[in-house]
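Q: Got a structure for you, questions after.
The values are calculated or read from the model by the stated rules, or taken from the named source; none is laboratory data. What you see is a predicted model; the values in this text were computed from it and never measured. So basically every Cβ, Gly included, is an ideal-geometry build from the backbone, and we count neighbours across all protein chains shown.
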Amino acid sequence: MRCPTAKGVQLVASAKRVKTSSSFHEVSMETTRLSREGLCPGFSRGRFHKRASDDPSGSVKETIEPQTTTVQKIIEGDVFKYYSDGEWKVSSSGKTVSIINPTTRKTQYKVQACRQEEVNKIVESAKQAQKSWAKTPLWKRAELLHKAAAILKEHKKTIAECLVKEIAKPAKDAVTEVVRSGDLVSYCAEEGVRVLGEGKFLVSDSFPGNERTKYCLTSKIPLGVVLAIPPFNYPVNLAVSKIAPALIAGNSLVLKPPTQGAVAALHMVHCFHLVGFPKGLISCVTGKGSEIGDFLTMHPGVNCISFTGGDTGIAISKKAGMIPLQMELGGKDACIILEDADLDLAASSIVKGGFSYSGQRCTAVKVVLVMESVADAIVKKINALVEKLTVGPPEDDCDITPVVTESSANFIEGLVMDAKLKGAKFCQIYKREGNLIWPLLLDNVRPDMRIAWEEPFGPVLPVIRINSVEEGIYHCNASNFGLQGCIFTKDINKAILISDAMETGTVQINSAPARGPDHFPFQGLKDSGIGSQGITNSINMMTKIKSTVINLPTPSYTMG
Ligand SMILES: NC(=O)C1=CN([C@@H]2O[C@H](COP(=O)(O)OP(=O)(O)OC[C@H]3O[C@@H](n4cnc5c(N)ncnc54)[C@H](OP(=O)(O)O)[C@@H]3O)[C@@H](O)[C@H]2O)C=CC1
Ligand SMILES: O=C(O)[C@H](O)COP(=O)(O)O
C-alpha cells in the first residue's frame, strides 16, 4: 500500500489477541515491510487498545477495542501529525516546521507547529491520565513497557531511516540507536519493579530523645506530568531515556522532540501508541523550541522537566518554577595522556571518541591534553587513523557525515578560522562542502584559542601539549563544563588521583568518554548539568518520597 505523498517506507502490522493465564490480553504485532520506495510513515494495522480505567481500585480494566482494519495515519498530506490524547492530530495553527536534510540541505519532512491551546490540552490530558496510571500495578506498567520495547525494535529500520535523513546519522549507528532504545526501555521496566518495589522502614528511637513510638514507612510516588526535551543527536534514545523512567514510576509524559529528529521521534511515539497505553499518558507536541519551548517549560501543569541539550538548558533552569529538573547539557571532555600511556589504545580511543557521529556527542573527546614527551608520537598515530575515516553521506554509512545544520557548520568553521589565525598547526587541510566538514586535528593549540574551550560539536579536535599532569588538570577544571573526562596511563594509582582531581561527572580510565551502558550514572558538573541520569537515577529522580508514620500509644517492645 503506497502513501500518496510517498517518499519512504510503509509498514503493515497485524495484531493477534492471545488470552493469557493472567487474564490479560497480549497483543502481538507482526510488522511486514511492504514498500521501501516511499517515505509514507502510515502504519496500516489492526490493534487492540487497552485503556486504564478510572476504577478507584487502581486496576487496569482492559477495554479491548478491536481495530483490525484501522489505518492509523501519522501524516496528513506531507505534514506529520502531532500526538495528543491518544490521537494523531493536525494543528489548528495551519503552520508547519520544515526539517532540513543535513546532506541535501533540502526540506525532507514537515511537522505541525503546535499552538499554546494545543499544549494546554495535552498537559490537561496528561494530568488526567496520570491519575489512573499511578494506580496501575507496577508489574502491569512494566509489562506494557516491555511491549513498547519489542515494538520499537520491530520498527528499527523505519525509525533509523528517519535518523539518516533528519540528522545524517550513519545508517548503522541509526539502527543501533533504536535497538539500544528498546533495550533501555526493557531494562527500565526491569529496574523499575525492583527500585519502586522497595521502600524504607525506620524506627524513632534511633534519634536522640525519642522512644520507639513511631514507625515510618517510606515509598516512592510519582511526580505527575514529566516534560521531556531531548536534543537532535539522539532524538529517539534520549527521548526514551526520559519516557521509560517517567512511565514506570507512574508519571505521564509530554515529549517535545528536537526539530531535527522530530519525525524519528514521532515514529517512536507511534510504537508506544501501538502498545495501547491509556489516552493522554504519552503525547508529543511538535514545533520550534524557540517558539513553544518557554510555554512548555513554564507551564504550571508540568511537574518535572528532563532536558538534554545545550545552553538552552541553563535558561530553562532559571525560568522553570519549583519543580525537579534533570539537565544534561554540553561538555568539553578532556583526554589526558600521560607518558606511560598505551599510545595505540589512546589514539584509537581518541579517534573513536572524537570523531564518531562527526563529533556531535556531548561525550565526544573535545580536547586532547598530552604530555609533550609523547605528543609527537600520539599525533602521528591519530593522524594515521584519521586518514582512514570515510567521509560522505550517512546512507553510505560513512564515518564522517554532514553536521546537523548549516549554522552548526558555520560555527565550527568559525572556531577553525580562529585557530588558524592564532597559529594552530593543521594536521589535515581544512575542507568543507555544504554541511560536510572533513575530520581535522589541530595541534599546538593554545589556551588563547576559542577551540581550547568551546564545544565545536563537529569533527574538529584540538591537541594541547602539556608539561605536567597538573597543567592538564588545571585546563580541564578551568572549563565551565564538567561532563566527562578520560585519562590514559598504565599507573592505576596515578589515574585514581587524577580522576579525583578532575571536576567532571565521570572520568574514564583508559577509554574514551561515553554515556553508556545506559544503567550507569551519567551526570555533569557546573554548566554541564543538574542531577544525574542513567536508568536507576532517572527513575528515582522522577519520584518523590512519601512517608507514612504509625504512632504507637506506648513504646513498642514493652509487652511480654
Ligand atoms: N549532556 C548531554 O547529554 C548532551 C548535550 N548536548 C548539547 O546540546 C547541544 C546541541 O544539541 P541541540 O539539540 O542543538 O541543543 P539545543 O539546546 O539547541 O536543543 C535541545 C532541545 O531543546 C529544544 N529547545 C530549544 N529552545 C528551547 C526553549 N526555549 N525551551 C525549551 N526547549 C527548547 C530544542 O528544540 P528545537 O530543536 O525545536 O529547537 C531541542 O529539542 C550541544 O551544545 C551539546 O553539547 C547534546 C546532546 C547530549
Ligand atoms: O547526548 C549525547 O551526546 C549522549 O548523551 C552521549 O551518548 P553516548 O556517549 O552514548 O554517545
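Q: Regarding Gly505, is this residue at pLDDT 95 or above and either within 16 Å of ligand 1 (Cβ to nearest atom) or within 18 Å of Gln326 (Cα to Cα) (or both)?
A: yes
Q: Pairs please, first residue from the stretch 222-238 and in contact (Cβ under 8 Å) with a residue 60 or more places away in the chain and on the phi > 0 side of the Ramachandran plot, second anywhere and more than 13 Å from ligand 1 (Cβ to nearest atom) and in a loop (DSSP other than H, G, I, E, B), Cβ atoms under 6 Å, 6+ apart in sequence or on different chains.
A: Hits for this filter: Gly224/Asn303.
Q: Checking Lys494 against (1) in contact with an Asp or Glu (Cβ under 9 Å, 6 or more places away or on another chain); (2) surrounded by 17 or more Cβ atoms within 10 Å (Cβ to Cβ), only one condition comes out false. Which one?
A: (2)
Q: I want to confirm something. Restricting to the stretch 436-495 and keeping residues that are among the small types (Gly, Ala, Ser) and assigned to a helix (DSSP H, G or I), which single residue is farthest from Glu406 (Cα to Cα)?
A: Of everything passing the filter in the stretch 436-495, Ala495 is farthest from Glu406 (Cα to Cα).
Q: Then there's this: Among the residues of the stretch 315-342 satisfying the criterion of being more than 9 Å from ligand 1 (Cβ to nearest atom) and not in a loop (DSSP other than H, G, I, E, B), which is farthest from Ile535 (Cα to Cα)?
A: Ile337
Q: While we're on this one: Name the helices (runs of 4 or more DSSP H) wholly within the stretch 210-314 that hold at least 2 residues that are under 15 Å from the mean Cα position of the chain (by Cα)?
A: The qualifying helices (runs of 4 or more DSSP H) are 237-248, 262-275.
Q: Hey, another quick one. Picking from Ala409, Ala424, Ala452, Ala419, which residue would you name as being crowded, with 16+ Cβ neighbours inside 10 Å and within 16 Å of ligand 1 (Cβ to nearest atom)? Even if it seems obvious, please write down each step before you answer.
A: On the way: Ala424 fails: within 16 Å of ligand 1 (Cβ to nearest atom); Ala452 fails: within 16 Å of ligand 1 (Cβ to nearest atom); Ala419 fails: within 16 Å of ligand 1 (Cβ to nearest atom).
Criteria check complete, one pass: Ala409.
Q: On the basis of being within 11 Å of ligand 1 (Cβ to nearest atom) and over 13 Å from Leu329 (Cβ atoms), does Pro517 make the cut? Give the derivation first.
A: On the way: within 11 Å of ligand 1 (Cβ to nearest atom): no; over 13 Å from Leu329 (Cβ atoms): yes.
Answer is no for this residue.
Q: Please count how many residues of the stretch 321-337 are crowded, with 22+ Cβ neighbours inside 10 Å and over 15 Å from Gly524 (Cα atoms).
A: Of the residues in the stretch 321-337, 3 are crowded, with 22+ Cβ neighbours inside 10 Å and over 15 Å from Gly524 (Cα atoms).
Q: Further question: Quick check on the stretch 291-311: of everything there that is in contact with a Ser or Thr (Cβ under 9 Å, 6 or more places away or on another chain) and under 21 Å from Ser528 (Cα atoms), which residue is nearest to ligand 1 (Cβ to nearest atom)?
A: Gly293
Q: Could you tell me whether the stretch 541-552 includes any residue that is within 14 Å of ligand 1 (Cβ to nearest atom) and either crowded, with 16+ Cβ neighbours inside 10 Å or of a type outside the set (S, T, N, Q) (or both)?
A: no
Q: Next up: Name the residues in the stretch 275-295 that are surrounded by fewer than 24 Cβ atoms within 10 Å (Cβ to Cβ) and among the aliphatic types (A, V, I, L, M), would you?
A: Those that are surrounded by fewer than 24 Cβ atoms within 10 Å (Cβ to Cβ) and among the aliphatic types (A, V, I, L, M): Val275, Ile292.
Q: Checking the condition touching a residue at least 60 places away in the same chain (Cβ under 8 Å) and either small (Gly, Ala, Ser) or closer than 18 Å to Cys427 by Cβ (or both), which residue from Val302, Val370, Val403 passes?
A: When all the criteria are applied, what remains is Val370.
Q: Could you say which residue among Ala384, Ala346 is buried (at least 24 other Cβ atoms within 10 Å of the Cβ) and more than 28 Å from Pro235 (Cβ to Cβ)?
A: Details: Ala384 fails: buried (at least 24 other Cβ atoms within 10 Å of the Cβ).
Testing whether each residue is buried (at least 24 other Cβ atoms within 10 Å of the Cβ) and more than 28 Å from Pro235 (Cβ to Cβ) leaves just Ala346.
Q: Also, quick follow-up: Run Val164 past the list (1) within 18 Å of the chain's Cα centre (by Cα); (2) over 13 Å from Ala264 (Cβ atoms) and report the number of the one that doesn't hold.
A: It is condition (2) that Val164 fails.
Q: Test Ala249 against the criterion of being over 21 Å from Glu177 (Cβ atoms) and buried (at least 24 other Cβ atoms within 10 Å of the Cβ), and give yes or no. It would help to see each step written out before you state the result.
A: Numbers: over 21 Å from Glu177 (Cβ atoms): yes; buried (at least 24 other Cβ atoms within 10 Å of the Cβ): yes.
Against the criterion (over 21 Å from Glu177 (Cβ atoms) and buried (at least 24 other Cβ atoms within 10 Å of the Cβ)), Ala249 qualifies.
Q: Applying the selection to the stretch 182-221, what residues are over 16 Å from Ile545 (Cα atoms), in contact (Cβ under 8 Å) with a residue 12 or more places away in the chain and hydroxyl-bearing (Ser, Thr, Tyr)?
A: Those that are over 16 Å from Ile545 (Cα atoms), in contact (Cβ under 8 Å) with a residue 12 or more places away in the chain and hydroxyl-bearing (Ser, Thr, Tyr): Ser186, Tyr187, Ser204, Thr213.
Q: Collect the residues in the stretch 369-396 that are assigned to a strand (DSSP E or B) and either touching a helix residue (DSSP H, G or I) at 6+ places or on another chain (Cβ under 6 Å) or within 16 Å of ligand 1 (Cβ to nearest atom) (or both), keeping them in residue-number order.
A: Leu369, Val370 - these are the residues of the stretch 369-396 that are assigned to a strand (DSSP E or B) and either touching a helix residue (DSSP H, G or I) at 6+ places or on another chain (Cβ under 6 Å) or within 16 Å of ligand 1 (Cβ to nearest atom) (or both).
Q: Looking at (1) crowded, with 19+ Cβ neighbours inside 10 Å; (2) under 25 Å from the mean Cα position of the chain (by Cα), which is the only condition Phe520 fails?
A: Single failed check for Phe520: (1).
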